[in-house]
Amino acid sequence: NLFKLMAYKDEYEVARLHTDAGFAEKIAAQFEGNYTLQHHLAPPLLARRNAQGELLKRAYGPWMRWAFRGLARLKGLRGTPFDPFGRTEERRQERALIEAYGHSLDELLAQLSEHNIPQALAVARIPEQIKGFGHVKARHLAAAQPAWQAALAAFRATK
């Protein structure tokens, strides 16, 4: 589950996936004739927001593949001060989540005994509840937080 949190799909990964030769081959195998790809995206730096503050997806044409190629080449910026996406709320939240989960795992490992294994597993499984991207992921995280705290409290009570 730590890997699940660390392997989040950011803008660079989306660009890499869309420029992968296998992606184009799969599309070509599924469709015949003259077709046009539309990419439905909500780029954090460009997308408009709805009344709830959630990013709205917009259709982008085939030219977006050229942008994806450029973005995929910039993946070395990930995690550096030059990463234009690294300061978004979503990226900050993902990094904080990884750190918090790591602290939880450290606590579990330091105090693990035969008496608290089920409670430790309940804490360790919390990331399974955190699914999706953007506002969907934020909603799942908000729902998982109370369960996380309750699972930690149950673990601490079984020392």
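The values are calculated or read from the model by the stated rules, or taken from the named source; none is laboratory data. As the structure is a computational prediction, the values presented were derived from the model and not from experiment. Every residue, glycine among them, receives a Cβ derived from its backbone with ideal geometry; neighbour counts consider all protein chains shown. Ligands, DNA and RNA are stripped out before the accessible areas are found, and what is left, the full protein with its side chains, is counted by its heavy atoms. Shrake-Rupley method; radii C 1.70, N 1.55, O 1.52, S 1.80 Å.
Of all residues being touching a Leu at 6+ places or on another chain (Cβ under 8 Å) and touching a residue at least 12 places away in the same chain (Cβ under 8 Å) in segment 68-87, which is farthest from Met6 (Cα to Cα)? Just the residue, please.
The qualifying residue farthest from Met6 (Cα to Cα) is Pro84.
Restricting attention to segment 126-147, which residues are of a type outside the set (D, E, K, R), within 23 Å of Leu105 (Cβ to Cβ) and either touching a Phe, Trp or Tyr at 6+ places or on another chain (Cβ under 8 Å) or touching a residue at least 40 places away in the same chain (Cβ under 8 Å) (or both)?
Residues of segment 126-147 of a type outside the set (D, E, K, R): 126-127, 129-130, 132-136, 138, 140-147.
So of that shortlist, the ones also within 23 Å of Leu105 (Cβ to Cβ) come out as 126-127, 129-130, 132, 138, 140-147.
Listed by number, the residues that qualify are Ile126, Pro127, Ile130, Ala138, Leu141.
Answer yes or no: is there a residue in segment 76-85 that is open to solvent by 70 Å² or more (accessible area, probe 1.4 Å), in a strand (DSSP E or B) and out of contact with any Gly (no Cβ under 9 Å at 6 or more places or on another chain).
no
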